[in-house]
Structure formats: C-alpha cells, structure tokens
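Student: Attaching a single structure in structure tokens format; questions to follow.
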Amino acid sequence: MTIAAPHRFTGGRRIDISQLIVWTIGGILLAIVLLGSILTLRAGHYTAAQWRDFVVFGIAQGAIYALIALGYTMVYGVLRMINFAHGEVFMSGAMTTFFLADYLNRSGFLKAHPWISLVAMLLFSGLVSMTVAVLVERIAYRPLRGAPRLVPLITAVGASFFLQYTFRGLFGSGVRAYPAIPVLQGKLWVFQKTQIAVFVGVLITLALLVLFLQRTRAGLAIRAVAEDREAAALMGVDVDRAIVTTFAVGGFMAGIAGVLYALVFVQVQFFMGFLPGIKAFTAAVLGGIGNLPGAAVGGLVLGVIESIGPSLFFDGYGIRAAHQLKDVIAFTILVLILIFRPTGLLGERLGGEERV
Amino acid sequence: MIVHAARRAIFIGLVAGIAGWHLSLVGLIPAFAQRRLVGDALTFSYALLVALLALAAYATGRRYPGAVQRIPWGILSALLSSLMLFLLALLVTHLNLRQILLNATPELARVLTFGGGASGAGLVRLLLIGLLAGLFAGGLSALPRPWGRVIVSAALMTLLLGLLRDVLGPLLPQVVTSFLYGTAGLSLAGALVTFLLAAVLFTLRWSLRAKAVTARATAAVPATLRQPVTQALLLLILASVPLWAGLFLSNVADFVGFYILMGLGLNLVLGFAGLLDLGYVAFFAVGAYTMAVLTSPEVGQRFTLDFWIALPIAIVTTVLAGLLVGLPVLRMRGDYLAIATLGFGEIVRLLVLSDWLKPYLGGAQGVTRIGRPSIASWRIDSPQEFYLLVLLSCLFAWFLSVRLRDSRLGRSWFAIREDEHVAQAMGINRVTAKLSAFAIGASFGGLSGALFASLVGSVVPASFSLLVSINVVAVLVLGGMGSLPGVVVGALALVGLPELLREFQEYRLLVYGIVLIAMMLFRPAGLLPERIHRRELEEAVEEAREIAPAEIATGRG
Amino acid sequence: MRRPIRSFTVLLLLLAFVLAACQRAQPTPTPAPAAQPSPTPAAAASPTPAAQPTPQAQVTKPTDPIGVLEIKPGEPIVLAWMLTVSGGTAQLGEDSKRGIEIAIEDLGGELLGHKIELVGEDSGCNPEGGQAAATRLAANPRIVAIVGSSCSSEARVGAPIIDQAGLVMVSPSNTAPDLTDPAKHVDAYLRVAHNDKVQGRVAAEFVVNKLGLKRVATIHDGSLYAEQLANVFAENVQKLGGTVVAQEAVSPEDTDMRPVLTRIATQQPELIYYPIFNPAGSYITLQAKEISGLENVKLMSADGLLEPQTVQNAGQAAVGLYLSGPDLTVLGPKYQEFVQKYQQKYGTKPVAGFHAHAYDATMMIVEAIKKVAVQAPDGTLYIPRKALREALYQTKNFSGLTGNLTCDQYGDCADPKIAVYEVFSTDTAGWPDSAIRKIYP
Amino acid sequence: MSLLELQRVHVHYGLIQALKGISLTVERGEIVTLLGANGAGKTSTLRAISGLVRPSAGRILLEGTDLTHRKPHEIVELGVGHVPEGRRIFPRLSVEDNLRLGAFTVHDRTEIARRQEYVFTLFPRLAERRKQPGGTLSGGEQQMLAIGRALMMQPRILLLDEPSMGLAPVLVESIFEVIQRLNRDGTTILLVEQNARMALEIAHRGYVLETGEIVLAGSAAELARDPRVQAAYLGAA
C-alpha cells in the first residue's frame, strides 16, 4: 500500500496539471466570448428587432440540422457508430426528388394541388433516402459489425464518397433549383412560411419518432438492441432487422429533411450533404448523442449560436468579416462539448453502456 | 443443389449487371471509351466491361471444385450480365433519359455493345463476349495452380502499360517507345511482347518462390552483409529516381513523399497508439503556413528567413500544435476523439481562410513566393531536386518510427492501443505517452507541410481540407495500420497511382470510396499488415461474423 | 541500433553523389528524355524524334528557339485541358471542358489533316493541383497547347512550369489581375477571360456614376477570384468618392445568408456587391430582401452569377439584380447556336459561365497553329513552339463567341468590354435576351 | 427423442477452443445442471445452444430440429429461453418493457397480459416497480426480472446461467424455489451454477465439465456422492 500510494499520487497530479491547462484554455475562451458580447452590446449597433431576427434565422437553420441529427442520433444510439454517410443519405433524397418536383411543376400539378404534391415529394424523398440508407447498412456496415470501431467508420467515409460521386455522375455537378410551392410563399409574422413548415415538420417528425419508439413493437426492439444487443437477441429480437429498421427510419427522416431543406434553401447539389451532415452531427453531440429530443434541441441551439454568435461575440472586437468565423464557432462548440460535457446538454439516452 | 447453384449464378450475374449499370450511368464507361489501351480496338472501357463479365463468371465459379461446374455456371452469370448491359443499351437508345441521367447517351449504348449498337448485332456481340469472358474466367481458374494467376497478372500488366503510355513513353528510349506504342496505347505487337515478357517474368517469379531458390541465392551472401547490401541497393534505386524519372514522375514522387511523411506521422498516433485523428491536416497546415509566413515577403512581418532556419521553427511550431490538440483530447477515445480532432482540423483551415487573420496569413489569397532551400550556391528548385530532400525526410521519419516502435515509448503506445485501462494499471503514464504520440506524430506532418509549401511555392486554404486528413487515414488503412511498409504502399497506391491517371480525376473519389469499403470488407488489415494487428483484426471480424452471421459472407443472400 | 545508422550513412553518401550528379548534369532541370522543349540546349539539337529524318523533312523543318513539335502522318495533334473537374468547383471545369469538346467537334475532329486528340488533367482549383497537372502536361512532349486553367490559384503555380516546358496555355476563366501583371506575367500564359481590374472598375463606375449610390457593402466567399474582385470594386468605389460601409465574407457552402445580411443591414448600405458563385450567390439574392433594413437595397454581382441558373434559382428575387460581365450583346446568334449544340450534346444547359471562353481559347489556338504549322510533303506536320506563342500574342480581332479578341503583350486577350446587365424577367428559356438586358455602358 | 441434444459440439473463439466435443441430452421435464470450474465451458455451451456463438463442428437439436445454424432470435422462437450470466436486463427500460421484451415472440396482446400477471404473482415485487427502469432495481429484483422475462416467452427449455451469482443467501434460496416451482409447472431447465451443492439439490441429473470436455455425467444424487465432485465442487474434505 505504501509503495503504491505515492505513485498513484504523482499520476493523479499529472493528470490534474493537464486538466488544469485545459480548463484554463476553456476559461480564457469563455472570457473572450463574454467580453466580446459585452463590448458588442454596449456598442449598440444592433436593434432589438435585429437580435430577434438572428434568433429566428438560427431556428430555421437549426431545424434542418435537427432533422438530420435525429438520424445520426438513432444510428449512434443503436450501433454506437457514426454514420458518416448520413449527410449523403439526406442529399440523395433531395437530389432525386428534384426531378419529381420539376415534373410536377411542369405538368402544372404542383400549382393545382400543392399539398398533395408536397406530400408526394416528402414520401418519395423519404423512400429514396431510406433505400439508400438501408443499402449502405447492408453492404458497408453489416458485414463488419463487431469489428473494431475504426473499421465501420472508414467504410462510412468510403460510402460517403461513393454516394456523393455516384450522384454527381448520374445527375451532374450543376446546382438545381426546386420549384416554389405557392402556398408556402410569403411571411407569417417574422417567419417565412417555409421556415414554419420546416419547424412544424421537425416537431411532427420528432413526435412520430418518439411514439414509434415508445409504442410499437419495432420501437421496443430498437430500444432493446440499443441497450444490449445480445440480450435483445435472447429475447427473440431479430437484431439485424432492428438495425435495418433503425437505418430505414433514420434514412426516411433524412429524406424528409432533404425536401424541407429544399423548400427553404431552394438549391440542391451533389455536395450539399457534406456540411449539413457534419453540423448535424455536431448538433447531435451537443444535445447528447443517442438522445432524440437532445438532437432536436442541439440542432436549434447550434443554429441560433451560428446565427447570432459572429455578431455577438466578435463585433465588439471589430473583427473583419466576423460572419466568416461562424463555422469556427460551430466546431469550437463541438470540441468544447466533447471535452467538458461529452454527454451533451440533455445527457445521452436511447443507449446504455458507458462510452467515451 | 442445381437450384441453389442456379440461384447463385443468377444473383451474381445480376449484381455484376447492376455494377455495370452503375459504372455506365455515372459516366465512367463512356469516359474510358476515349482511352485506347491496345491497338485501335481495345479501349479502357471495353477492358473494364470484359473484366466485369469475367469477374462475374469467376465469382460464380470459384465455389465449385472442377471445370465441369465452374465453366457453365460462370458462363451463365456472364451471359446474364451481358443481357443486363444490353438492356441498358436498349433503354438508353429508346427512352429519352438524358433530362435526368446525364450519361444516358446514344454514345453509351454504342460503348456498351462493343460498337454494335442497341440492335441484334449489338446483342450478338455482347452475348458472344459474355460467353468468351465466362469461358476464359472458368477456364483460367481450372488451369493448374500458377498459370491462371500468371496469365491474369501478365494481362493486367499489359493493360497498365497501355494505360500509362503518356507517362512511360517519354521515359523509355525512343526505339522502345516507338515499337511498344502506337498512336494511342500499345501497338498490337507491343502488347503481345509485353504480355509474353510479363508472363515469363511472373512464371519465373512464381517458380522461384515455389522452389525457394531465392533463399539459396541469398544464402550465398554472408548473413551479416545481406541486409546492408539489399538496403544499399534499394537506397541507390530510390536516390536515383530524379535521374531517370523526369519532371512529372519526380513531382508525383514528391507528393507521394509528402503523404508518406504524413502517413508515418499519423501512424504513430493511429497505428501505434490507436488514436484516430481525423484532423491530421491541421499539422500539415501549421507546417506549411509557418514556412510560408516565415519565408515569404508577402505577409506578416514582411521579413524573410532562410528556408533552413524556417524549417526547424516550423517543426517546433507543429510540435506545439500537437500538444495543444493532444491535451484536451487526452480523455477521449474512439469516435469522440475522431470527431474532436476533425473539428480541430476544420478550425485551422477556417482560421487561415479568414479575413480577420488575412494580414498575417494571407486569407483567401494565400501566400505566394515562399522560399526555396539552397545549399551553398545551389538552389533546390525543381521537383527533381526537391525529391532528394523529400526522400531524406522520409527516411529520417522511417528510421525514427522504427526506433520508436522498438522503444519503451513504443511499447507503451501499443499497450494503450490494446487496452487503455490495463496500460494505466501497468504503470504506463497515459498522459506522457499520448502527448508524445501527438507531438511526434504532428512533427512529421509539419515537416511534410513545410516541404510542401516550399515546393509548390504558394499555399491557399483550399489545400488543407478535410480530404487531406481522410487521405492520410486511407493511406494507413490500405497499407495496414501500424505497418511502416504499409504506409509506403498505401501512399503509392492512393496518391501515386491517381496522379498517374489524372485525367480520370473526376472518378477518383468514386473509386476511392469503393476501395475504402472493399478493403474493409475483404482485407481489413491492409495490404501489408503489421503482424500483431493482423491477427487481432481478423479475429475480430471473424468473431463478428460468428455472432451475427452475415449473409453476404456465407453467400446465402 | 547501429544498423539503421550505418545504412543512413551509406544513404547520405549516395545522396551526396546524386546531388553532385544532378547539379552538374542539369543546370536547368528538365526531364532528360523529354528535353526537347528545354530553353537552353541549342535548337540545333531540338527537333528530336529525329531518329530517322527523311530528306524532304529536313528541307522544310523549321527551327525554333524552344523546340519544334513533329507530328507524323497518322499521328494526332494533341491538345490538352487543365481544368478543375473534381470537388466542389467541378462544374466550372467541366463546363469549360465541354466548350473545348464542342470546338473540336466543330472542327470535325481534324486539323490540317491530322486528328485532334484531347488529353487533360484535373487541376482541382488549388495550387498543388495546378502544380501537379502542369508538371504532368509539361512532361508530355506530344502536347501542342493547353486550354486552362480554371482557377487563378492553379495558374499562378502552373504557368511557370508550363512556360519552362515550352508549352503555351490559354485560360478560359482566370480573371485574377496579378496573372497578367507586367511584373508577374510569364511568357506562356494568355487568357481569354477578362481581367478583373476592368470588371471591378466598370462595376464601380456604374454604381457610383450611373446609379449615384455612395454607400456600398461587399461580400466575398473566400475564393481568390471573389476576394480580388470585391477588393478592386471597393478600391474603385472609394476612388470615385463612395464609401465602403461593410466588407463581409461567407463560405461557399453557406446556405443561410440572413445573419450576415443582417450584419450588413446595420450599416445601411445602398448596394451590396457580391461577386461570388452559385449556389451561395443565389442564396444572397434570395434572402437579401427579407432582411429588415435591406428592403430597398440594390444587389449587384459579377460574371460568376452571369448564368441562367442564377435567375432560375433565385426566381422572382433575382429581378432587379445587376450583373457585370463580358458584353453579351456581341455574342448574338453564334452563341445561341453554341448553346444549342451544348444542350444537345450534354443534355443540360451550360452549368457554368466560361464554356464559350473555352471554345474561343481552343479556336484561337487552332488559328495560331494554322498560322505557324509547316506541312512537309509527306504529311508530317511541324509546329514551332516559340512561333506558336508569338502567333497567339499577335491575335487581333479574332471573332469568337465572347467578342473580338485581341491579345496584349501580357497575355490579356479578352474583349475588355464589360457590360452591366439587369435581370428583368425570370424567363430563362431564351437566355440571355429573355431575362437580362444590358443597361451600361 | 430428447428435448435437447448436443452432439459433439465444438466452439472456437478465434484460436482458442472453448468446447471440445460436448455431447449431452436434456429430457422433457428435467432439471439438468452443468458443473465445472470457471472457464470449463459451461457458459459457452449455453451460448452455443442459443446461437450466440456458432459451433465450429457438431450439431444441436431441439426435439430433432437442427438449431446449429440458426440465428439467436429464431432459436428463441423455437422455444429456448436463456437467462444469461449477469442477468443482462435492460437497465434503462422499465420493468414492464423488460417483460414485454420477454414476450417479444408472442403477438397476442391478451396472452402477453396473462403471462405478465403470472410473472407478477410469482414476483410481487416486480409488480410494485413496473414503471421503474430496470437498472434501478436491487440485485435480487433484477434476477427476478431476468427470470420473469424468460418466463414471459414460456420456453420449452430454459437455460439459466448462474442465477445465484452475487445474491444474498436468502435471495438465493428464494430463486431456487422459483426454479423448482417452474420446473413443477412443466418447464425443462438447463442450469449452470457455481453453487454446486444447491444445484445438485434441485437437479435431476448433471454433467461435469473440465476445460471444454465432459468428464462426468450422472444423476444428481450420484454426482453428489462422487468423491471427485465432492472434492472439487462441494468443498468436502
């Protein structure tokens, strides 16, 4: 005992020093942000309405992140793996549905029956994304289940490239513009109608998802597999099927997100999934990965910080083109959350087991 | 039994057909049709289509012991794939799909049917070629042991030589070039000679290995001398590259060198210590920008340092950067570490891009007029001259890696890789071990970046995207994590080869994705696996299959 | 542990040896076997594939200080492209590549009795891509000339390499001013794209003098092109007595521009100038008017957005948008015909803005080849490289799709007429006339 | 035909061989116990039966149906219940959800409710905590939940792996009572147990495993009398 004690002591102290440095850096960052915010607010460039607008824009963007993040979080919760290709699943739905939307628009159906068209687009996109997600799982992930974690991460990166460039090859590299849906044009209070549509979409999807997980047999199976795959198998749960269901549901949501994205941002392109994919992952981590409401909250918070952050934090220092640093803020948040609160804002759920 | 075999043949035939559809519709097949490999007839796309059909036949046939079963089932598969291709040709010709699918052109139909068009003639041609491919693949696998392999290797060699016409042509003596190559690709005679030569060579190699002649031949040399002699020979060849390789190949070699350096650096972190760093590009960027800022008159203090002074400063800066990244992520593992480091990588890129730091780092304009090294009066300027510097750095990094691997520190990295908790319980100081992995690993990346900046002469933020990090990880994965020769092989394959085939860059990332997935599925330990790692990984994958028997693996799907 | 050290010493010795060899053998480093275009060794030795020179050939073979390319009967004339065809900027290069392909098709795939072969390298829109592509092309002695590069960053690094190899390049889309700056210009470099100095100045004159607006804001997207152009514009506005109230930046992947626009709104600009690309450019167009404080702001962009997609993507919001760019009024029916060919061949409308420039670059090169090539009686074609360059520099009033091209001594060949257009309709069926009209000068 | 029959079953984990040709039978209505030291292969035997590991050789038959290459969930549907070592309840799911998972193969809602009532009468403590997450239960309650969960599927044969592990002696008693009661109600049981004395008390027959092989077999009474068993597992001098 006496021999072991000093050793443990020094070991402990060294970790403390490194932790101390980390905490100091964190503290400095916090101080910079706080000081910047105070300076900005005192300078008073922005009106209250403008601050409100920042929040509104952030929520609209964040809602998209949230929808994509739900898929990340589900897959992570069940499989403990980052489905790096999820951004591409999102893209595949949006890209493919463009042709449907374009067809509906040309034939005049879109104008005549906007709601039916919208539902058709959402379903179509969901189905395409679902198919892609399931195929990716089948080919790139399932044969490697149980292999070291790095392995599926690498196939996921591979799948991501494969999908991006397949879509580029099939449909070209050009930017395509979705037709406008007449009923969703214009503003309602401070929001664009499309933004409201996205927001409502997120709420409905989240609610359906929670219901699905809590109330259905398949949902129960997924939750069981998320906690203990082997024990679930011993209960008679078909683990493969539960995992496929997870990918299918996550993919479907990504497809929905794709169309909603196109409603707000109009333009789609083969490259469009990459950055939202990473941001959505950040959102999922922010909310506590594996936690469904967390993903939604994380998405919104990230959106708002990205929108408001550059002005709030940096304007006071008079930094040039502060908006350019918005992704720096996003990634810094990601890193800080991982360092200081790896379970995210709401803590992780869905899954069990210790990780990190 | 028959039913099962038929189902299998049909399944594989369909899969190959779908693969053919994919390759056609993404534009690979039409693009490759421009490239003639042998004579005027054999284009790259024809070779690819035939290979696809033959592969289908081979995959179907390999299950069965004898030619009697192999050949017919193989032919069935190949014919089915041919039919699928013909169907695509028909669709493309008769439906106007171009509004949606860019590559659904009449041209595609022509290529797919080997020039026959979507008509009876095309169908006959396709089926005939399917039949031949099936026969060929079945017959090949039915040949006694070495011959099938020799023929395939020689054929691949010939095609490769044809493909690399523009690279190799200028390097070879005029006489050889004009004999081997026609107006485009190999001439028929050239192809024949190449094929025969390659076949002889491969046969020789095979029989040498079989009879262990190599062992006896080398045994003649005293054991103490053997290694230095082979090493010296290897080094001589390596060092002489700029003398024979020419401008372009030397440039490619330099870039391969940069990736070898980065690969060796990441190998310390990922291969040895098992820490997945997806933001390795950060160190490359720090090295490059330090070099740029210190030696270019354009930014910062507007004073310039000599390359040789800037280089060590760049390395020290990256070591510091390594520590800065390493410290906060000490407690992280696995996915979380990967994502956090990815975040760091992006942050660095975004900062160098920003207008905010433009006065110091050049912003979007980047930095140009970066200094080049000179020794006495000799200015190292061209890729050829740079190559020697790169080679020297790579060798240095290699030796350092070897020393580290066999050192106490190396062992503690391995221990952490295997099980962090156990390692800590054994008295390994996790903090020191991890930080040193990050710091030393970073320094290789910084060295690479500094050389890169100096060679290219200018840096812009776009050069430091996430893709670089992923590239380096892929280099390790392909070669085999933890394996030093693997890094070299990986860099040659993933950086060198695509450079040689630059005109197909459009498809580079597509192929890249396929390679990453295929490697993980079929050879997870890499091409040149490190010994310990291989066993471990294969067991894990094996176990994974046992627990959740994958239909793909057992072929029941 | 002694082993590595010993081999290291061996290596060092070897390296020293090689270094010495290098230094002696190659004062100007060029690939030994591909050395014919090297500037120093006298031209006497240069007409290289002189393995079996025919008597007639010797009679007509021209000499040239940087080499003569010999194309035997049956051999193709090799043209090369050096464009970005991968990654996020892929469509820019792809679009130009198609312009070249159509040009070759228009020539019937033949020139002076030889087939035209097109080879190419991806240059990835970054310096190392430009470097790799340029060295690759430089090492290929069969190449006559290069159409490229796509991005200015590639050309900065690539042009000196191309120059050293004795080749010549004509860029369809580089607009960065420094490339033809007398201090930095290299001999092998020409471009048919306009210099942004001109565009930025014209845009500023239009804004200040014609519209009478004084308070402007600029946005760039972190690309070399956008940043330079935004800066040139800002400088010129200030010179003309205006104020630049905000200089912001976005990233090309951004989709929600409202926050940055709100930032700009606090400075109450009268006009926002954002010389960037799609999709980011269309996002700004779409979202600007939604911002309170920017309801009446004028929007202006540059040639990066001068494409039908801008109008398609932004829809009604694009109406009233000003776009500077090459004077399309001179394009007329020839251009329309070209676009139709494009659409027929590739099944899509042009995906970026420099297809016509690429076409012109190709045709300009072809004209120059026709001027300088010497045909031997046996059909062998000789193309003296220096003469080819000079012929290109002497291009005068070359009537291309993008205007009448005349090259100056620093390689600027573009018709320097920059016009400002206004989008007046969302109908892109008859682009450009159906959607935009020239309003300045 | 025996209810369960193992024929020369081999199991490998990578290079390590865990089972070297195990053959055993379990008849309808029996309690059969597997005895053996740690690492003897008891758990591996159960895992092989329920499909969690795939035997490298040999066959496993359930009333003549070959289980050898089936997936775990199919084996469950054929009527093999398995309470794994360490209980493996789902800690974040409620007690009810845990039980519902036990009856996952049953589709009839009223039947599920009936079985749940049965489990609750067997373990009244669980009824009190039905909404609570499984992870918040005490060790004994978790074991009850684990067994209750296995009962929900009403298996033809129940594989129990170390049900007494980590429990207080009083609880062990009651667990064993439940096991016996189940058996009386008609469930066949294959029991792996460290506590050989208690196992042999309730079992009809037993097998003794050493390093992946069966070294002894016989009725529980015979085994209890066997001096080797006494020395190694019953702690008798």
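Student: Tell me, which residue of region D:50-66 that is surrounded by fewer than 24 Cβ atoms within 10 Å (Cβ to Cβ) and among the hydrophobic types (A, V, I, L, M, F, W, C) is farthest from the other protein chains (Cβ to nearest Cβ)?
Tutor: That would be D:LEU61.
Student: Let me ask another. Working carefully through the options A:VAL264, A:VAL259, A:VAL301, find the one that is farther than 22 Å from A:TYR76 by Cα, modelled with pLDDT of 90 or more and either among the basic types (Lys, Arg) or assigned to a helix (DSSP H, G or I) (or both).
Tutor: A:VAL259
Student: Right, another one. Going residue by residue through region C:275-288, is there one that turns out to be part of a loop (DSSP other than H, G, I, E, B), at the interface with another protein chain (Cβ under 10 Å from one of its Cβ atoms), of a type outside the set (Lys, Arg) and farther than 28 Å from A:SER173 by Cα?
Tutor: no
Student: Now, a different point. Considering only residues of region B:170-193 that are assigned to a loop (DSSP other than H, G, I, E, B) and within 27 Å of the chain's Cα centre (by Cα), which is modelled with the highest pLDDT?
Tutor: Among them, the one singled out is B:LEU172.
Student: Follow-up. Filter region B:267-291 down to residues that are assigned to a helix (DSSP H, G or I) and farther than 25 Å from B:VAL367 by Cβ, then give me how many there are.
Tutor: Counting residues in region B:267-291 that are assigned to a helix (DSSP H, G or I) and farther than 25 Å from B:VAL367 by Cβ gives 6.
Student: Something else about it: Would you pick out the residues in region A:132-142 that are facing chain B (nearest Cβ under 7 Å) and crowded, with 23+ Cβ neighbours inside 10 Å?
Tutor: Within region A:132-142, A:ALA140 is the sole residue that qualifies.
Student: A follow-up question, please. Of the residues that sit in region C:240-264 and are more than 7 Å from chain A (Cβ to nearest Cβ) and within 22 Å of A:ASP53 (Cβ to Cβ), which one is nearest to the chain's Cα centre (by Cα)?
Tutor: C:ASP254
Student: Can you spot a residue in region A:213-235 that is within 18 Å of the chain's Cα centre (by Cα), at pLDDT 90 or above and either buried (at least 21 other Cβ atoms within 10 Å of the Cβ) or more than 30 Å from C:THR89 (Cα to Cα) (or both)?
Tutor: No, region A:213-235 contains no residue that is within 18 Å of the chain's Cα centre (by Cα), at pLDDT 90 or above and either buried (at least 21 other Cβ atoms within 10 Å of the Cβ) or more than 30 Å from C:THR89 (Cα to Cα) (or both).
Student: Going through A:VAL249, A:VAL200, A:VAL244 one at a time, which residue ends up being in a helix (DSSP H, G or I) and either free of Cβ contacts under 8 Å to residues at least 12 places away in the same chain or in contact with a Cys (Cβ under 8 Å, 6 or more places away or on another chain) (or both)?
Tutor: A:VAL200
Student: Regarding region A:155-167, can at least one residue be identified that is part of a loop (DSSP other than H, G, I, E, B), surrounded by 18 or more Cβ atoms within 10 Å (Cβ to Cβ) and not polar (S, T, N, Q)?
Tutor: no
Student: Are there any pairs with C-beta distances below 7 angstrom linking a residue in region D:199-225 that is within 16 Å of D:ALA18 (Cβ to Cβ) and without any contact (Cβ under 8 Å) to a residue 12 or more places away in the chain to a residue that is β-branched (Val, Ile, Thr) and part of a strand (DSSP E or B), with the two at least 6 apart or on different chains, and if so which?
Tutor: D:VAL215/D:VAL208
Student: Please indicate, with yes or no, whether at least one residue in region C:387-396 is part of a loop (DSSP other than H, G, I, E, B), surrounded by 15 or more Cβ atoms within 10 Å (Cβ to Cβ) and within 24 Å of the chain's Cα centre (by Cα).
Tutor: yes
Student: Can you confirm whether B:LEU79 is touching a residue at least 40 places away in the same chain (Cβ under 8 Å) and surrounded by fewer than 19 Cβ atoms within 10 Å (Cβ to Cβ)?
Tutor: Spelling it out, it is not the case that B:LEU79 is touching a residue at least 40 places away in the same chain (Cβ under 8 Å) and surrounded by fewer than 19 Cβ atoms within 10 Å (Cβ to Cβ).
Student: Right, another one. Take the residues in region C:289-346 that are basic (Lys, Arg) and under 25 Å from C:GLU101 (Cβ atoms); name whichever of them is farthest from the other protein chains (Cβ to nearest Cβ).
Tutor: Per the stated criteria, the residue is C:LYS334.
Student: Mind checking which residues of region B:15-31 are of a type outside the set (Gly, Ala, Ser) and under 23 Å from the mean Cα position of the chain (by Cα)?
Tutor: Scanning region B:15-31 gives B:HIS22, B:LEU23, B:VAL26, B:LEU28, B:ILE29.
Student: Kindly establish whether B:ALA439 is farther than 30 Å from C:HIS220 by Cα, buried (at least 18 other Cβ atoms within 10 Å of the Cβ) and either free of Cβ contacts under 8 Å to residues at least 12 places away in the same chain or more than 10 Å from every other protein chain (Cβ to nearest Cβ) (or both).
Tutor: Considered against the rule, which asks whether it is farther than 30 Å from C:HIS220 by Cα, buried (at least 18 other Cβ atoms within 10 Å of the Cβ) and either free of Cβ contacts under 8 Å to residues at least 12 places away in the same chain or more than 10 Å from every other protein chain (Cβ to nearest Cβ) (or both), B:ALA439 comes out as yes.
Student: If you don't mind, another one. So if I check each of A:THR73, A:THR97, which one is over 12 Å from the mean Cα position of the chain (by Cα) and either away from every other protein chain (no Cβ under 12 Å) or not aromatic (Phe, Trp, Tyr) (or both)?
Tutor: On inspection, the qualifying residue turns out to be A:THR97.
Student: Of everything in region A:143-188 that's more than 7 Å from chain B (Cβ to nearest Cβ) and among the β-branched types (Val, Ile, Thr), which residue is nearest to B:LEU28 (Cα to Cα)?
Tutor: Checking each candidate, the answer is A:VAL175.
Student: Among the numbered conditions (1) buried (at least 24 other Cβ atoms within 10 Å of the Cβ); (2) touching a residue at least 40 places away in the same chain (Cβ under 8 Å), tell me where D:PRO72 comes up short.
Tutor: Only one criterion in (1) buried (at least 24 other Cβ atoms within 10 Å of the Cβ); (2) touching a residue at least 40 places away in the same chain (Cβ under 8 Å) is unmet by D:PRO72, namely (2).
Student: When you check C:GLU367 against the structure, is it within 21 Å of the chain's Cα centre (by Cα), modelled with pLDDT of 90 or more, under 18 Å from C:LYS334 (Cβ atoms) and not in a loop (DSSP other than H, G, I, E, B), yes or no?
Tutor: Yes: the conditions hold for C:GLU367.
Student: Among the candidates A:GLY146, A:GLY169, which residue alone is without any contact (Cβ under 8 Å) to a residue 24 or more places away in the chain and under 30 Å from B:ASN267 (Cα atoms)?
Tutor: A:GLY146
Student: Out of the residues in region C:397-441 that are part of a loop (DSSP other than H, G, I, E, B) and of a type in the set (Phe, Trp, Tyr), state the one that is modelled with the lowest pLDDT.
Tutor: C:TRP431
Student: Which residue pairs have Cβ atoms under 6 Å apart, sit 6 or more places apart or on different chains, and have a first residue in region B:407-421 that is surrounded by 15 or more Cβ atoms within 10 Å (Cβ to Cβ) and a second that is modelled with pLDDT under 85?
Tutor: B:SER412/B:ILE428; B:ALA415/B:ALA423; B:ALA415/B:ILE428; B:ILE416/B:ALA423
Student: Looking at this structure, is A:ILE308 in contact with a helix residue (DSSP H, G or I) (Cβ under 9 Å, 6 or more places away or on another chain), without any contact (Cβ under 8 Å) to a residue 40 or more places away in the chain and within 12 Å of another protein chain (Cβ to nearest Cβ)?
Tutor: So A:ILE308 fails the test.
Student: Let me ask something else. So which of C:ALA230, C:ALA183 ends up being outside any strand (DSSP E or B), under 29 Å from the mean Cα position of the chain (by Cα), of a type in the set (Gly, Ala, Ser) and in the same structural domain as C:CYS407 (by TED's automatic domain parsing)?
Tutor: Of C:ALA230, C:ALA183, the one residue that is outside any strand (DSSP E or B), under 29 Å from the mean Cα position of the chain (by Cα), of a type in the set (Gly, Ala, Ser) and in the same structural domain as C:CYS407 (by TED's automatic domain parsing) is C:ALA183.
Student: Let me ask something else. Being surrounded by fewer than 20 Cβ atoms within 10 Å (Cβ to Cβ) and aromatic (Phe, Trp, Tyr) is the filter; apply it to region B:353-397 and report the residue that is nearest to the other protein chains (Cβ to nearest Cβ).
Tutor: B:TRP378
Student: Ok, one more. Could you check A:PHE252 against (1) away from chain B (no Cβ under 14 Å); (2) modelled with pLDDT of 85 or more; (3) farther than 23 Å from C:VAL250 by Cβ; (4) under 13 Å from the mean Cα position of the chain (by Cα) and say which number it fails?
Tutor: (4)
The values are calculated or read from the model by the stated rules, or taken from the named source; none is laboratory data. Since the model is a prediction, treat every value here as computed from it, not as a measurement. Heads up, the Cβs are rebuilt from the backbone with ideal geometry, glycines too, and the neighbour counts pull from every protein chain shown.
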